[in-house]
Amino acid sequence: MADPASKRVLLTGGSSGVGFEAATVLIAQGHELTIVCRNQATADQTRSLLPGSVHILICDLADLGAVATICSQLVDSGAALDALVLNAGLQYAGASDPQFSAQGIELTIAVNQLAHQLMAMRLLPLLCKADSPRVVITASEVHNPSSGAGKVGKPADLGDLQGLRAGPGFAMVDGNPSFDGNKAYKDSKLCNVLMARELNRQLGAVMPVIAWSPGLVITRTNGGFFRYNKRSNPLGMGAFAFVARDLLRITESPENAGRLLAQLVCDPEITPGFNYFTNKVVRFGGHRLDPTDTSADGADLPKAAELWRLSEQLMSELPISLT
Ligand SMILES: NC(=O)c1ccc[n+]([C@@H]2O[C@H](COP(=O)([O-])OP(=O)(O)OC[C@H]3O[C@@H](n4cnc5c(N)ncnc54)[C@H](OP(=O)(O)O)[C@@H]3O)[C@@H](O)[C@H]2O)c1
């Protein structure tokens, strides 16, 4: 018989960084984990590095058709889901040219937001089968223009969602035709916060819907979060990492951030409804995860509903089967 304390968890972005470290903790705690990996090579590597058994689904989250396919497989399996953890993300730091998915969607918004909204839309019936389900979404403080990182460069601002209204091929969600990789990332993280707000509204606050920010997390191994923009200057990125991590000590380790994500997946004290937590720097080299207010834009419920509706409409008009 299955251990009643063991949770069935579906995790995106479990092949590296915060998600990989969370997966390590969740497996060690005896939870039943399914990780969505981009391709077979990533799947094999992730399986070989994790300390126990894990189910893997192969899916490039940039391809919304592939996302719809794995959702159908999961729904057909009928297995209840205790936690849906939408953690994958990418940033084309410093990029000024957009890249597009197979369906013509700019990749930052396709992966960070639309793939995750589609998973939330399709997998809700499996969550509703569980006794005590929850959704956890890895957002970021950069969604907030008054946070330290949110102030650097152009702030997150979705305008009136003109890009989404225009359909595939938009560079920025606000409809601006010139791409700014850093702003696109901030915008996508604001979208993540709004997705959590709207999901919670639709559910009627029956389960915890948790958005959180892990802090500035820098790995020592794979270039971390900066690796997606192949034109990034590795020396500049290395210098930034050295100053932030080793001199200023304002960064969080992937291991600690992963432990926090695992805690958010399991903590029975987190109440049903929308929750937002930030892993804040509290002293030289130290962090603490605290409940926090989102930005004003991140609390805009009509905008959250409109973002969800336009995203759903955009995806329904793509040449993919969503059923
Ligand atoms: N690092 C930070 O400072 C920071 C700060 C705030 C918030 N966050 C958020 O934390 C989350 C995790 O980031 P991280 O720092 O752990 O970075 P990471 O090490 O780069 O992990 C990103 C994960 O997302 C996956 N992913 C990206 N594109 C994908 C795609 N098309 N299909 C399938 N999987 C894809 C990656 O898979 P591959 O291994 O195949 O690339 C990887 O598993 C992200 O949502 C990020 O926005 C990070």
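Binning at 20 angstrom from zero up to the longest distance, how are the C-alpha pair distances of the chain distributed in percent?
Result, from short to long distances: 34, 62, 4 percent.
Would you mind putting 137-146, 61-70 in packing order, based on average other-beta-carbon counts within 10 Å, highest first?
137-146, 61-70
Percent of Cα-Cα pairs per 5 Å bin, from 0 to the last occupied bin, for region 38-97, please list those.
Using 5 Å bins, I get a P(r) of 4, 13, 18, 24, 22, 11, 4, 3, 1 for region 38-97.
Taking Lys183 as the anchor, which aspartates and glutamates have their alpha carbon closer than 18 Å to its alpha carbon, excluding any fewer than eight residues away along the same chain?
Cα-Cα hits under 18 Å: Asp97, Glu106, Glu141, Asp157, Asp160, Asp174, Asp297.
Only counting other Cβ atoms within 10 Å, I'd like Arg283, Arg197, Arg309, Arg259 sorted with the fewest neighbours first.
Final ranking by Cβ density, sparse to dense: Arg283, Arg309, Arg259, Arg197.
Calculate, axis by axis, the spread of Cα positions in region 1-140 along the three principal axes, and write the results as whole Å, longest axis first.
53, 31, 28
Of Lys154/Lys280; Lys7/Lys303; Lys129/Lys189; Lys189/Lys280; Lys154/Lys303; Lys186/Lys280, which pairs sit farther than 24 Å apart, going by alpha carbon to alpha carbon?
Lys7/Lys303; Lys129/Lys189
Among Lys189, Lys154, Lys7, which comes first, then next, by fewest other beta-carbon atoms within 10 Å? Before the final figure, lay out the partial values.
Details: Lys189 28, Lys154 14, Lys7 21.
So the residues, fewest neighbours to most, are Lys154, Lys7, Lys189.
On alpha-carbon atoms, Rg over Rh for region 61-210 using Kirkwood Rh?
Value, to two decimals: 0.99.
At R0 = 35 Å, how high is the FRET efficiency between Arg47 and Ser132 if r is their beta carbon distance? Nearest 0.05 is fine.
0.80
Could you work out how far apart the two model spin labels at Asp97 and Leu248 are, taking each label as a point 7 Å from the Cα in the direction of the beta carbon, and quote it in nm?
Distance between the two pseudo-spin positions: 3.0 nm.
May I have the extent of the alpha carbons of region 99-180 along their three principal axes, as whole Å values ordered from largest to smallest?
45, 34, 21
Looking at region 184-313, I'd like the Rg to Rh ratio, where Rg is from alpha-carbon atoms and Rh is Kirkwood's inverse mean 1/r. Walk me through the numbers before you get to the answer.
Working: Rg = 16.8 Å, Rh = 16.5 Å.
Rounded to two decimals, Rg/Rh equals 1.02.
I need the peptides 108-121, 295-308, 20-33 ranked by packing, meaning the mean over residues of other C-beta atoms within 10 angstrom, with the highest value on top.
108-121, 20-33, 295-308
Quickly estimate the mean residue ellipticity at 222 nm for the chain, helices only: each DSSP H run with n ≥ 4 gives -39500 (n - 2.57), and the total goes over all residues, rounded to 500.
One gets -11000 deg cm²/dmol as the mean residue ellipticity at 222 nm.
How large is the translational diffusion coefficient of region 1-79 in µm² per second when you combine the Kirkwood radius over alpha carbon pairs with Stokes-Einstein at 25 °C and 0.890 mPa s?
Estimated via Stokes-Einstein, D reaches 189 µm²/s.
For Cys266, Cys128, what's the fewest-to-most ordering of other Cβ within 10 Å of each Cβ?
Cys128, Cys266
Rule-based calculations on the coordinates, nothing more; no lab input. Everything numeric here is computed off the predicted structure, so don't read it as measured data. Because the Cβ atoms are built from the backbone with ideal geometry, glycine has one as well, and the counts that use them run over all protein chains shown.
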